[in-house]
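The values are calculated or read from the model by the stated rules, or taken from the named source; none is laboratory data. This is a predicted model, so every value here is computed, not measured. Here Cβ is always computed from backbone atoms with ideal geometry, including for glycine, and neighbour counts include all displayed protein chains.
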Amino acid sequence: MKATPYLIFNGNCSEAIELYEKAFKTKANIFRYKDSPPSEEYPIAPGTEEFVMHGTMPIGKGMIYLADTTPEQPASFGNGSFPCVELENEAEVKAAYEILKEGGKVFCAAEETFWNKCYAELEDKFGLKWSVMIECICGPECYQGDHANCTCLGCGCKDK
């Protein structure tokens, strides 16, 4: 079993995908409203033909889904949940952070915290809040133990 975030935009999903592809060095697979089979029950509203009906974007070992909603059902991002992306190293975290922060708002610059060697938290220009950090490579075998390559500062490893 796994859980995958589904990010819903108001007609600007294609623009968001371009930004996220650049930030996370990935490529999305996109299906647009105009690509769907004709349906009398669910006709395509004029002006939404180029909207993203469903997009998949691999990021590291995970995946996010993205789509546009229709104008009659607008979506908004809340501050109670947001994607957390774990990348391989500090350079990747800082590169993604630099791209995502343009036109947005920074809450925590890409820096060491007491729980991770490089963590950033920000809101992008689309109003989506992100948490970006180095992937925690520790597991149960490391917790309260000794792991020389640990990237998580809050797990209890002795060698930090």
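Odds and ends about this structure:
- Residue in region 19-46 that is surrounded by the most Cβ atoms within 10 Å (Cβ to Cβ), counting only those that are of a type in the set (Asp, Glu) and without any contact (Cβ under 8 Å) to a residue 24 or more places away in the chain: Asp35
- In a residue-by-residue description of region 85-98, the property of being assigned to a helix (DSSP H, G or I), in contact with a strand residue (DSSP E or B) (Cβ under 8 Å, 6 or more places away or on another chain) and over 30 Å from Lys117 (Cβ atoms) applies to no position.
- Filtering region 120-148 to residues that are modelled with pLDDT of 60 or more and hydroxyl-bearing (Ser, Thr, Tyr) leaves only Ser131.
- Residue list for region 76-103, filter: touching a residue at least 40 places away in the same chain (Cβ under 8 Å) and touching a Leu at 6+ places or on another chain (Cβ under 9 Å): Phe77, Phe82, Pro83, Val93, Ala95, Ala96, Ile99, Leu100
- Pair list, Cβ under 7 Å, 6 or more apart: region 104-119 residue over 11 Å from Ile134 (Cα atoms) and among the small types (Gly, Ala, Ser), other residue at pLDDT 95 or above and surrounded by 12 or more Cβ atoms within 10 Å (Cβ to Cβ): Gly104/Leu122; Gly104/Glu123; Gly104/Asp124; Gly104/Lys125; Ala109/Ala120
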